[in-house]
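Read-outs throughout are calculated quantities, based only on the coordinates presented, and are distinct from any laboratory measurement. Because the structure is predicted, anything quoted here is derived from the model rather than measured. Here the Cβ positions follow ideal geometry from the backbone for every residue, glycine too, while neighbour counts run over all protein chains shown.
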Amino acid sequence: MPVGKVVEQAKQNGGNDSWVYLLNSPPKEFSSENWSALDEGAYEADYRNSSLARYYEGGFALSVQAPCFNTLVSAENYARRLPSMNANLQKYIDYIVKEVRLLKQNLPAGSQVKYLHWFGDLVRQLTPAAQTQVMYYLGREFKLNFDADARHVIELDARPDSEEALALIKGLGFNIVCINDPGEYAQSFPIESLRDWLQTIRAFDFKAVYLRLKVTPATVTALSEHLEEILTERPQGILLSSHKMESAGTAGLEAALKDFKRRIKSASFIPITQDFFALPWTGLISQGVSCLHGVGLGAFSYTPHYQLRNATQLDDYYKALDNSELPARAIRYTQTQL
Amino acid sequence: MESKHIATSSPFSLHRGCHECNLSKLCIPIAVGAEDIDRLEEIIRQGKMLNRGEYIFEQHTPFRSCFAVRSGAIKTFTVSEEGEEQVTGFYLPGEIIGLDSVSMEKYSCSAVALERTSVCEIPLEKFEDLASDIPSLQHHFFSLMSKEIQESRQLTMLLSKNSAEERIASLLLSLSTRFSRRRLSGTNFRLPMPRSDIGNYLGLAVETVSRVITRFQNNGIIKVQGREVQILQLEELQKILRHDTKCLDHQKESALNAR
């Protein structure tokens, strides 16, 4: 089904046209878990007919997403695929650049990136040169704003090997760091050294540091033990993820999560949503952006009405871009929590 | 290979192409096969000579080209709205200037020759066209750019955190490393810049620069005569830097050389 028709349908269903983005995780619910295939070329046709363009007018969020993470592979497969991805990484980066340039061509003139977000594993996967290449083309195509009010967020799933990595991301123009627990994809997430990690990042004078933490059986004890010392470092925002709390036998985790939220609030953090807490006056919510566009293999894009997913197979992703088509392949409806 | 002690103004044939240039292993052509160097030479304007004090480009003028330093030395600086000059970098042969402006429409700083200098001009638009045909060239270009970004950010860290001794030690070690890269002596070299520029660059008063250099001399770490510097105790210089000092480049290369 062409995307434009999907938009009209979603609007008839009462979709909300504006939301706020929090750390690349728009509060969302799906009216259906099932993805529908996008008709080939429908995406581009809708851009041409301006039915999508209105989401981008006045500014949009752009998210560069790591390969594999978002392609529905298991943690085990993810680890296995990393080396093969690395071998072909430069080709992948060149195609990311292609997608960025194609996106720019398809957007209404003057579309501004108001919020930039890089997924967590990119710092680990990409060489400094590759990171520079992607940022260079993003900056050039979208005339990124590098002023103090810019919101360029980079996730870190693991502590960088050296301070040079932090120097680079700071130098590339990222001004907000989001430390992200990648959950099952990480062999271990160092809750114990999180405070030290926060201090190292702070030394590079980033505007803000956010934490996205997963409360799981593997992390709950360490989190409980170290939460106060982490809060002492005053990260500007904390997102407590509880995605897997529905499964059986998680009563203890639910209690722990409740306790963590109470302790976070006691430390003067303000609840923004049920899972997200922020220091007062940090102004971390990016307002006036109703669309997040994801770039990369399997990348997700969000509008207030639906979610799109890019091709999840490399060959398919490359083929779409070789044909000068944006690589969105699947769609499903969304409803915001706000 | 034995290191030689030579000044920054080494004799180059000005119109020698990338094929014959001694610096090609540091510069853009490193990524290019012999068959593509001719194409590269077609877009690069080689061996433009500049006298001391002459500008290569000026801040806020439209960005068009990067420049590879072929001989001599260049300083880059910005001028604030209040008219204050801030030195942002020193560039030696084999290094590229202007990389910090490639994603902008205008040069973010000015560049001026510190001594008689020759540069090769790399017009970015033509270079991009060529690089799209030669992926290795493009990737090398971004490697150089990422290195420039890292070093510039580390300098910011250095200036915001470290003591005068650490800052000067870091600069001397940085110069030592960069001369070594060119297979020149890393312990005997001539400072291409005056002490006032060193002070400005490191955020120190000229008197402080002189005082620290004298202290280093008195401790037998270096020997200085005019602008000629001899590093007598490289390890002591490294020790002056704290463990987390930002002259990582030097530490890494030292480790590699030690292997």
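Per-structure values
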read-out	value
Backbone HN-Hα couplings from phi across the stretch A:204-212 [Karplus 6.51/-1.76/1.60, Hz, Gly and Pro as x]	8, 6, 6, 5, 8, 10, 10, 10, 10
Other protein chain Cβ atoms within 10 Å, averaged over every residue that makes up B:150-156	6
Cα-Cα P(r), the stretch A:160-284, percent of pairs per 5 Å interval	2, 10, 21, 23, 20, 13, 7, 3, 1, 0
Extent along principal axes [Cα atoms of the stretch B:28-152; Å; largest to smallest]	48, 28, 24
